[in-house]
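The values are calculated or read from the model by the stated rules, or taken from the named source; none is laboratory data. Computed from a prediction, not measured in an experiment: that's the story for all the values here. As a convention, Cβ positions derive from the backbone with ideal geometry for all residues, glycine included, and neighbour counts pool all protein chains shown.
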Amino acid sequence: MELSAGKVVVGVLLILPVFIGGTCINKHYSVQEDFKIFDENQIADFDYAQFGKSKTIDCCAHNISRILWYFWNKQYPEWRLFPWEPYCSICDNRPKLEDNNQTLVLMETGNGDAGIYRCIAMSENSIIAEHNTTLEVFSCTERETPLYIAPQDKYASIGDTVTFSCAGDFGCTIDKFRQVGWYDENYDFINNSRYSTSNAEKYGETYVEVNLTITDTNESDFNQTFICIVSSTSDYQYFEVHILKKRTTVSITNTTTTKKMHLPAGVIVAIIASGILMVIGLLLLLFRPRVKLFILSRIPCGHLSDKGSKDYHALILHDDEFEDRKIAEVLKTRLEEDAYSVIMSSEVLGGQDIIRTLGEFCQNSGSLIIIYPTKACSTTFQREIGAQNYFEPSLITVIKQREIEKRVKALEDVGLRKITWPDGGDFSLFEETNFYSKLKLRMPRRSSQNIKCCTCCRSNKSTYNEHISEQSYSTKF
């Protein structure tokens, strides 16, 4: 039998019961036209599979008596009827059929499974309908938005050839809309005989790269803005690049006689000492929070004391808005990974007295972290700011987000220490280490280890605890 996509063939076959159950759901309605034998909502023309994982291909149909499966790929350029692999009674990774042959299951997808899968459905009136699904197999990462590989500005001289490279890694996605394109500064397609683009697809279509090449560079090219747009159905990003003029290097030859300079030993020592101090100063400037945390957490009588009888190192006070709660959860997770015990204000259980329970949280916590609210908050939250009265100012930290205009006025003029949360929560390793070092400097240390504090430190701490114990719920909120 010769097979072709979209072809309808008439044959005589034994009528079997209508299929039910499984992935393909029988909707029990009559089919008036042959091309509606297949459920268009449960079949795909194109699909993907990740290398080494299982994959199902559905051929959901109505009022059918039998389904046959065929497979074609470049390795064996001919249509093969299922089972196309030799029978093996002890193998559990061979393809198999389910749902009365409506679903094909690839148990462990490999590169040899990429190709075209054809299902042929026999209806009760002996009409044959065909459908093809093209499957691609990738060893790639699933991601919601593309990973952008941005082009960079280039330096050139008149007459040079310049090439810009722009790309996006779209990952494993069924979405076939993966576009990378170059445009002029008006977002029009580039139309110049000296400008040309070339496409390069890598890693099985997940990585799309488009290069813009400019030949015989002239003066007008230095004033142009070239724009690359990387887009998918879910997201897009654009990048602007320019051609910059190379600077002319002028070599000056000194024809005068060079005399050796003899410096006193003291001057040499002073220069070396100055260099060492500059290096130490630079390291302290870059790594000051973590150096300070390292020292203060280990010396006696440092302002960092253990949480003592408190149950938690810190209470995180935050608004119920999703973004604020998400930041609080990230902070809690990271601090708990570093052996700190943390509780959030959102952990007040339903039915509890919120004001009283938060007061108990404060009394059981060694420090307070406030997520600077991203919108005007409720009156209740503004009263909760009174929780700061439970803590010394040095143990209260406000996490402030960039570009947030609407602030809670209760936090504007209280003089609390604020540290900035990065845009989108995306840290570099350097920024992340410094951020959490600053935060921990305003919290009790996670363990006193064997450090003993001096008498005056213990005395001051005892006096402060007595002051705190005198506070009541009614005066805090």
Requested in this report: Tally the residues that are outside any loop (DSSP other than H, G, I, E, B) and of a type in the set (G, A, S), restricting the search to region 52-106.
Outcome: 2
Query raised in the report: Does I354 fit the bill of being of a type outside the set (G, A, S) and modelled with pLDDT under 80?
Result: yes
Requested in this report: Tell me which of these F170 doesn't satisfy, since it passes every other one: (1) at pLDDT below 85; (2) not assigned by TED's automatic domain parsing to the domain that holds I229.
Outcome: (2)
Query raised in the report: Looking at this structure, is F177 among the hydrophobic types (A, V, I, L, M, F, W, C) and in a loop (DSSP other than H, G, I, E, B)?
Result: yes
Query raised in the report: Of the residues in region 112-143, how many are at pLDDT 85 or above and not in a strand (DSSP E or B)?
Result: 3
Query raised in the report: Which members of region 48-98 meet the condition of being farther than 30 Å from F177 by Cα, in contact with a strand residue (DSSP E or B) (Cβ under 6 Å, 6 or more places away or on another chain) and of a type in the set (S, T, Y)?
Result: S65
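Here is a yes/no grid of residues against (1) crowded, with 17+ Cβ neighbours inside 10 Å; (2) assigned to a helix (DSSP H, G or I); (3) modelled with pLDDT of 80 or more:
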position	(1), (2), (3)
L335	yes, yes, yes
G350	no, no, no
L358	yes, yes, yes
T380	no, yes, no
Q388	yes, yes, no
Requested in this report: Determine, yes or no, whether I355 is hydrophobic (A, V, I, L, M, F, W, C), farther than 25 Å from L441 by Cβ and touching a residue at least 12 places away in the same chain (Cβ under 8 Å).
Outcome: yes
Report task. Quick one: D47 ticks every box in (1) of a type in the set (D, E, K, R); (2) crowded, with 16+ Cβ neighbours inside 10 Å; (3) modelled with pLDDT of 85 or more except a single one, so which number is it? Result -> (3)
Requested in this report: Pull up region 244-296, narrow it to residues that are closer than 30 Å to T225 by Cα and surrounded by fewer than 10 Cβ atoms within 10 Å (Cβ to Cβ), then point me to the one that is modelled with the highest pLDDT.
Outcome: R247
Report task. Of the conditions (1) among the polar types (S, T, N, Q); (2) under 28 Å from W79 (Cβ atoms); (3) outside the structural domain of T109 (by TED's automatic domain parsing), S157 clears all except one; give me its number. Result -> (2)
Report summary line: Going through region 319-333 in order, the residues found to be crowded, with 17+ Cβ neighbours inside 10 Å, modelled with pLDDT of 85 or more and not basic (K, R) are I327, A328, L331
